[in-house]
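A quick write-up on the structure given underneath.
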Amino acid sequence: NEKTRDRVIRRDIGLVEGEYYSGSAMQKSQQRVNRLGFFDSVDFDLRRRTDEPIVDLDVKVHDGPTGSFSAGGGYSTQDGLFGMVDLTNRNLFGFGYQLSFKGTFGVEKETYNITFNNPRLFDSDIYGGIDLYKSAREYTEYKRDSDGFSLKTGLRINDDWSTRLAYTLDTTEIYDV
């Protein structure tokens, strides 16, 4: 791995040094590392040490693209002419952080959103994140401005189940009625 930090990979490996070999734990670990979505390829290689009842696990990964940029535009009868931009990185600085900047702008509407998520706070099963947003919209009868934020946290229960909780504070102003 050239970009992703070792600890990001190690925290999803369910094998502990010195423990008895478990094929199912190794397979589950490989699935977890694959599920991160940061790598083009993930290869788990077992090597048995000579004259010892010990096996070594070599994990070989090849970093894949984790960033994306998209832009677009269009026209609708409700919003008029509009454009949008989205810049996202799912593995910021190789720590597994997710950062996203999104904007929609046009004649009738503007929306800006910044999102930061850490899916594994302190390498634990706890999730944390924050969203900041601002929007302005013109209707025929009035105008509406909103801004606010959301704080999010959650807990991964197992590989298939997690729970999330969010607190949102929104300030909305309606004017030119």
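What to note about this one:
- Per-residue SASA remark: THR104, around 40 Å² accessible (1.4 Å probe; ligands, DNA and RNA not included).
- The chain, relative contact order [Cα under 8 Å, separation at least 6], %: 12 percent
- Per residue, region 33-106 exposes an accessible area of 63 Å² to a 1.4 Å probe, with every protein chain left in place.
- Rounded to the nearest whole Hz, the Karplus-based 3J(HN,Hα) values (6.51 cos²θ - 1.76 cosθ + 1.60, θ = phi - 60°) of region 158-167 follow the sequence 7, 5, 10, 10, 8, 10, 9, 9, 9, 10, with x at glycine and proline.
- The GluC sites (Glu not before Pro) of region 18-122 that meet both conditions, a loop assignment by DSSP and at most 14 other Cβ atoms within 10 Å of the site Cβ, are GLU19.
- In whole percents, the pair-distance distribution calculated for region 29-134 from its alpha-carbon pairs, binned every 10 Å from zero, is 12, 29, 25, 18, 9, 4, 2, 1.
- Percent carbon-and-sulfur accessible area, the chain, ignoring ligands, DNA and RNA, probe 1.4 Å: 54 percent
- Lysine pairs in the chain with Cα atoms under 28 Å, if 8 or more residues apart or on separate chains: 14
- Largest first, the extents of the alpha carbon coordinates of region 85-168 on the three principal axes equal 49, 25, 20 Å.
- For the chain, fraction of C-alpha pairs farther apart than 19 Å, in %: 69 percent
- Relative contact order (%) - criterion: Cα under 8 Å, at least six apart; region: region 64-126: 25 percent
- Our estimate of slack between ASP56 and PHE93, defined as 0.36 nm per intervening residue step minus the Cα-Cα distance, is 10.5 nm.
- Ordered from highest to lowest accessible area with the whole protein assembly present and a 1.4 Å probe, ASP12, ASP6 read as ASP6, ASP12.
- Of the chymotrypsin sites (Phe, Trp or Tyr not before Pro) found in region 1-81, the ones in coil according to DSSP and having at most 16 other Cβ atoms within 10 Å of their Cβ are TYR20, TYR21.
- Counting only alpha carbon atoms, the long axis of helix 23-35 and the longest principal axis of the chain meet at about 30°.
- Inter-label distance, nm, simple model (7 Å from Cα along the C-beta direction), PHE44/THR163: 2.9 nm
- The chain: calculated mean residue ellipticity at 222 nm from DSSP helix runs of at least 4, using -39500 (n - 2.57): -3000 deg cm²/dmol
The values are calculated or read from the model by the stated rules, or taken from the named source; none is laboratory data. Computed from a predicted model, the values in this text were never measured in an experiment. Note that each Cβ is placed from the backbone with ideal geometry, even for glycine, and that neighbours are counted across all protein chains shown. Accessible surface areas use protein heavy atoms only, side chains included; no ligands, DNA or RNA. Shrake-Rupley method; radii C 1.70, N 1.55, O 1.52, S 1.80 Å.
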